[in-house]
Every structure is written in C-alpha cells, then in structure tokens.
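J.: The structure is given below, and queries will be raised subsequently.
The values are calculated or read from the model by the stated rules, or taken from the named source; none is laboratory data. Note that the structure is predicted; figures quoted are calculated from it, not measured. Cβ sites come from the backbone with ideal geometry, for glycine too, and all protein chains shown count toward neighbours.
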Amino acid sequence: MSQIITFPRSLRSKIDEGFHHIGFSLTGKHIQKDFESEIERIHLFTPAGISSSDGASYTGIDLGMVNAAKMVSEAKKSNSATKTADIFSGTDQTVMGLKAIEGLTGDVGGASGKAAMEAGVAFNPQTALAFEGVSLREFSFQFKLVPESKEEAEDSRKIVNWFRKYLYPEAAGAFSLKYPPKFKIQFFIGEEENKHLPMIHDCYLKGVQEAANPDGNSFFIDGQPTSTDLTLEFSEAQQLTRHDLYTDSTGEDDPTYDYSRPGSYPNQNSSGKSASNQG
C-alpha cells in the first residue's frame, strides 16, 4: 500500500493550519497501468528562492530578395509590358544587378562588394524576426532534511531513494528502455494550490544530488546521517503554449494560471488538493 510522507513529520499538522509546502507525486498514464509507486506523495517545506524562467527563441531572416521577386511578379501579372526599370529606382537597379552578379559568380563581398562601396550603395536585406519556439522550462529545488528522530531519518532515506529511483528508466528488453515516470509538482497553502507561485506542468527529473552530513560527521545509532542536502532538477516534458498555462480570460483584466494542467493524469487524490492528511 502506498504511503504519503511529510517531512518533517510535524509538517502534517501545520498543513491543516494552512502552512505553505510543496508536493511531489508521480504522474502519467503508465503509472497506474504498469505499477503502483510505494510512495503516493511527498510533502516538504517550500524551498527558498523559487525561480521560474520563461523564454522564446527568434531568428533573423532576410526578405529583401524575396520581396523584390514578389514585386516583379505582381507587376508583370498586372501588365505584361512592365519592365524592371519601371519597378525599381536607379539605385535599386544597381544594387540588384550587383546581387545578381554575386549569385552567378559566388563572389560575395569581392568585386561586386567593391563596386557597391564605390557607388555608395548597399543592399537592404529587409531582415525580419521570425519566431522559432519557446524554451523548455527547468526548475531546481534545494532541501535540507534534518531529522529529529530515528523515524524521520528513515523518512529522509525513503525520500532521497524515491526521487533517485524514478529518475531512472526501466529496462524493457535487451535493447529497449521504458521512459521514466513524470513528476507532478504543486505548491500549496494548506490543502489548496498556492496561486501566487509558478504553475508547473508535468516534469521529468533530470538530476538528483545528495550530500550526507554536509556540516559535520555525526550519525544516528543505526548509521543514518543527521542531515542531508537534497537538490532536485526538473525539466517540463513539453513545450507550452499560452493556453497550456493560462485560462481563456479574454475581456478580463486578470491573466490567471490554469491549474487544471491540461494533459496531466493525476494520482487519485492529487487533482488540485494536497491530500496530505489522507493515508
């Protein structure tokens, strides 16, 4: 039977009082079809320094020659007697002639460039910015797990191993691997999602860094470290569009996150609720 872990254990009662925390669970259709995780959810104190970086990529494309060819084509369609001299100015004709020489000879910036410089003219590339796509968002969280009892030390061990286990794929044959599960990450105030912090779509776990006893060399009697630094690095599984993140608020003055997370397949008790007091 899967369990819900809160660390430290005192966090469970604080959640009932509306305390801020972060929840992690596995998600994806294959989770319920292929296996049941030994841990349903993990709840930890909200880490400091939460950051979210959104980015888009653009590239410059030169439209000068395309637009020139379009002008000639449209002019000739409207009047078969149209000549190039009727379309372009004298300077345009000079520049276009030099560009044609470059294209025929491959002499880019050579004699044709010298001739353009002597004539005091240059080709206008009419560069425009073309949208290419958005960046995959990445998130990093740092936690310090300081157990106050043997039981909490065991919880700390389970937490670290749970994240590390599901970073890895599963062997599906001699030459094939099954994708690791995705993680659902939610910020909470008590039992409700905190709508003042980033809304994160399903992620793959890309990195787990564990440092046992970073500030000393003391252990519990059974050998568990008395402190563990845990760093988790996630990347969202897909590029997002505006409607993946925001509700359709046309005509309203408040761009609001859509916390239903389109495409997500939540665990039984995790659709918008922390479910930390269950199980």
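J.: For segment 161-203, how many residues meet the condition of being surrounded by 17 or more Cβ atoms within 10 Å (Cβ to Cβ), assigned to a strand (DSSP E or B) and either hydrophobic (A, V, I, L, M, F, W, C) or at pLDDT 95 or above (or both)?
T.: Matching residues across segment 161-203 total 6.
J.: Would you be able to say whether some residue in segment 176-185 is touching a Leu at 6+ places or on another chain (Cβ under 9 Å) and farther than 29 Å from residue 239 by Cα?
T.: Looking for residues that are touching a Leu at 6+ places or on another chain (Cβ under 9 Å) and farther than 29 Å from residue 239 by Cα, one finds none in segment 176-185, hence no.
J.: Considering segment 26-58 alone, what residues qualify as being surrounded by 10 or more Cβ atoms within 10 Å (Cβ to Cβ), at pLDDT 85 or above and either of a type in the set (Val, Ile, Thr) or under 28 Å from residue 147 (Cα atoms) (or both)?
T.: Within segment 26-58, 26, 38, 39, 40, 41, 42, 43, 44, 45, 46, 47, 50 qualify.
J.: Could I ask something else about it? Pick out the one residue from 234, 188 that is assigned by TED's automatic domain parsing to the domain that holds residue 39 and touching a His at 6+ places or on another chain (Cβ under 6 Å).
T.: Just one listed residue meets the conditions, 188.
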